[in-house]
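Novice: Let me begin by handing over the structure; questions about it come next.
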Amino acid sequence: MRLLYILLILLVNSNVVAKEINEQDIIIGDINAKNTIIKYSSLTCPHCASFFLKNLPKLEDKYFNNGKVKFIFRPFVLNQTDLYASAILKCIDQEKVLTMIKVLYMQHKNNWHTSKNYKEILNNIVKIGGLWTPDMQECLDSKDIYETLIEERQFAVKKWGINSTPSIVINNKRIKNIHLNNIKNNLDKLVD
C-alpha cells in the first residue's frame, strides 16, 4: 500500500504524456482501424470482469473483427492488489495477455482480488498457466513497471476525468453511459 501512495505522490505533478496507442496497449482488432474504443479497467473490479466476460464478446464480431474499430484495454489501478495484478500483465508474454485477463476475471469467484495473500495467489495462477518465466520475479520487482501503471492512470484522470472503472472512451470522447446498448449506439453512428 505504501508503494502505491509513494508512486502517486511522485507522479501527481508529473507531466504525463501518452499517445492514443502505446506499445504496452492490449489491442483487439485492426490497429489501423479508423475508430478507437478504450476501456479503462481494474482487474479487481467485478463490473469490469462482467463487461470483459459478457459484453466484449458481443462487440467483437460486429465492430472489432471487421477492421472498423480497434478496442484498447488499459489497466486503471485502484488499489495495491490491482497494481500487482496489472504489473503481471506487463511482465508476461504479450501474446498471452488477453488470456490472462480473462483468467483473472474468471477467478474472481475464488476471491483472489479480496485476499490478503493476493501476490501468492496471482503468482500461482501465472505458474499454473505456464506463463512464469525465469525473469518474472525481477520484472515484478521493477519500480519502472509500477511507475508506468501509475502514469497511465494519471493520464486517464487528466485527459478524460476518469475516476472509476469500467470507463469507456470512444474516439477521444468519454462515454458516461457504459451500458452495452449505449456503446453499440455510439459505435453504430461511427461505422454505418
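Just so you know, all these numbers are worked out from the coordinates, no wet-lab data involved. All values derive from a computational prediction rather than experimental measurement. When we count neighbours, we look across all protein chains shown, and the Cβ atoms used for this are built from the backbone with ideal geometry, even at glycine.
Novice: Mind checking the angle between helix 2-12 and the chain's longest principal axis? C-alpha axes, 0 to 90 degrees, to the nearest 10.
Specialist: Helix 2-12 and the main axis of the chain meet at about 50 degrees.
Novice: Still on this structure, please answer the following. With contacts defined as alpha carbon pairs under 8 Å and 6 or more residues apart, what's the relative contact order of the chain in percent?
Specialist: The value is 31 percent.
Novice: Could I ask something else about it? Extension gain Asn55-Asp30, at 0.36 nm per residue separation less the Cα-Cα distance, in nm? Please report the intermediate quantities before stating the final value.
Specialist: Working: separation 25, 0.36 × 25 = 9.00 nm, distance 1.92 nm.
Result: 7.1 nm gained on full extension.
Novice: Run the numbers for Lys173 and Lys189: contour at 0.36 nm per residue of separation, minus the present Cα-Cα distance, in nm.
Specialist: 4.4 nm
Novice: Further, regarding this structure: What 222 nm value per residue comes from the helices of the chain, counting each DSSP H run with n ≥ 4 as -39,500 (n - 2.57) and dividing by all residues, nearest 500 deg cm²/dmol?
Specialist: -13500 deg cm²/dmol
Novice: Turning to a different aspect of this structure: Using only Cα atoms, tell me the angle between helix 143-160 and the longest principal axis of the chain; keep it within 0 to 90° and round to the nearest 10.
Specialist: 30 degrees
Novice: Could you sort out which of Lys54/Lys119; Lys90/Lys159; Lys54/Lys90; Lys68/Lys90; Lys34/Lys173; Lys58/Lys173 sit more than 18 Å apart by Cα distance in this structure?
Specialist: Over 18 Å apart, Cα to Cα: Lys54/Lys119; Lys90/Lys159; Lys54/Lys90; Lys68/Lys90; Lys58/Lys173.
Novice: Using alpha-carbon positions, what is the distance between the centroids of segment 166-190 and segment 102-134, in Å?
Specialist: So the two Cα centres are separated by 30 Å.
Novice: While we're here: Which angle between 0 and 90 degrees, to the nearest 10, do you get for helix 180-191 versus the longest principal axis of the chain when only C-alpha atoms count?
Specialist: It is inclined by approximately 60 degrees.
Novice: Let me ask something else about it. Please arrange Ser86, Ser142 by how many other C-beta atoms lie within 10 Å of their C-beta, fewest to most.
Specialist: Placing the least packed residue first, the sequence is Ser142, Ser86.
Novice: Another question, then. Using label points projected 7 Å from each Cα along Cα→Cβ, tell me how many nm separate Asn181 and Lys96, to one decimal.
Specialist: Using points 7 Å along Cα→Cβ, the separation is 4.1 nm.
Novice: Using the Kirkwood radius over C-alpha pairs as Rh, can you work out the diffusion coefficient of segment 25-191 via Stokes-Einstein at 20 °C, viscosity 1.002 mPa s, in µm² per second?
Specialist: Numbers: Rh = 16.4 Å.
After rounding, the answer is 130 µm²/s.
Novice: Here is a follow-up. For the pairs Lys39/Lys96; Lys62/Lys109; Lys70/Lys96, flag any whose C-alpha to C-alpha distance is greater than 24 Å.
Specialist: Lys62/Lys109
Novice: In what order do Ile121, Ile168 fall by count of nearby beta-carbon atoms within 10 Å, going from fewest to most?
Specialist: Ile121, Ile168
Novice: What is the order of Tyr118, Tyr40, fewest Cβ neighbours within 10 Å to most?
Specialist: Fewest-to-most ranking of Tyr118, Tyr40: Tyr118, Tyr40.
Novice: Nearest 5 is fine: what % of DSSP beta bridges in the chain come out antiparallel, could you say?
Specialist: Bridges in the chain are about 60 percent antiparallel.
Novice: Also, I was wondering about something else. Efficiency by 1/(1 + (r/R0)^6): what FRET value for Asp141 and Val103, r their Cβ-Cβ distance, R0 = 25 Å, to the nearest 0.05?
Specialist: After rounding, the FRET efficiency stands at 0.65.
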